[in-house]
1. If the reach is capped at under 16 angstrom between alpha carbons, list the lysines near K141, excluding any in the same chain fewer than eight residues apart.
2. For the charge dipole of the stretch 1-78, defined by +1 on Lys and Arg C-beta atoms and -1 on Asp and Glu C-beta atoms about the Cα centroid, which residue among G61, V73, L39 has the Cα displaced farthest towards the positive pole?
3. Expressed as a rounded percentage, what relative contact order does the stretch 192-254 have, with Cα pairs under 8 Å and six or more residues apart?
4. Please build a GNM for the chain, connecting alpha carbons under 10 Å apart, and tell me which residue among G225, G80, G98 fluctuates the most.
5. So if I place +1 on the C-beta of Lys and Arg and -1 on the C-beta of Asp and Glu, and nothing else carries charge, what would the dipole magnitude of the chain be about its Cα centre? I want it in debye, nearest 20.
6. Assuming a ≥ b ≥ c are the square roots of the Cα gyration tensor eigenvalues, decide whether the stretch 107-182 counts as rounded (a/c under 1.5), prolate (otherwise, with a/b larger than b/c) or oblate.
7. Under the rule a/c < 1.5 gives rounded, and otherwise a/b versus b/c splits prolate from oblate, where does the stretch 59-209 land using the Cα gyration tensor?
8. I'd like to compare 166-178, 41-53: which one has the highest average count of other Cβ atoms within 10 Å, and what's the full order after that?
Amino acid sequence: NDPLYTDQESYLKKVQADLAWDITQGSSEVIIAITDTGLDMDHPDLVNNIYRNSDEIDENGIDDDNDGYVDNVLGWDFIGASLDSPNPDNNPDIGANGQAHGTHVTGIIGASLGNNIGIAGIAPNCKLLIIKIGDDSGVNKVARGYEAIVYAADQGAHIINASWGGVSNLHSKVEQDAITYATSKGALVITSAGNTNSDALYQDPSAYQFVMSVASVNNQDAKSGFSNYGKNTDLSAPGESIMSTVADGRYNVL
């Protein structure tokens, strides 16, 4: 009964989500971490699925669970106001900057299903751990993503989504170690294959060991013109013209 389901139906049926939901719609025991530009934390289709750290007490200025982060009840912000001068805090909300990417990705993963609102997420019963690695300006850039992956693993995430990356000429042991660590904790790191229409072996983090790298196809199963491909790619999935949640409680196709 989600009113925008008809706008999603082509890609959800392509991955057979409608059939999967007959078996499972996810579980509140499963934590999916989204490392991205932040979230519209008040979005009505997402607010009920946000992971809450029950070992931390709201805004008391104390690290109640001794994990090194104060008041991280509803996720964490590794950047704060500016990428140039990161100042972490406990608020991964995008505020008024209108940045859509993190909210769009989060909706695809875990928007509420059958709530008479908006869209349907793939895993609507799972909990969404929000980790902001973009700043408050609204610029579509991120930093400190590998620290975010380690944080997600330490918080008990089972899936860590990293829909970001870049090209470098040399892999980093520190970055690989972050992914290896998350994997050792039982998490699966899922990455974008990249958006430069390339088969380059140095698209990070998709080129690192242990990640699941996902390329983009359109609704006809043809490779998206922007999508990377090649030896680093583990699978492909619909990745263009996707209806999902965006800022200010709204929805859009990206």
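The values are calculated or read from the model by the stated rules, or taken from the named source; none is laboratory data. Remember, it's a predicted structure, so these values are computed and weren't measured experimentally. Here Cβ is always computed from backbone atoms with ideal geometry, including for glycine, and neighbour counts include all displayed protein chains. Note: accessible area is taken over every heavy atom of the protein model, side chains too, but ligands, DNA and RNA are not part of it. Shrake-Rupley method; radii C 1.70, N 1.55, O 1.52, S 1.80 Å.
1. K132
2. Ranked along the dipole, the leading option is L39.
3. Relative contact order of the stretch 192-254: 32 percent.
4. Among G225, G80, G98, the largest mean-square fluctuation in the Gaussian network model of the chain belongs to G225.
5. Approximately 1080 debye in magnitude.
6. Prolate.
7. rounded
8. 41-53, 166-178
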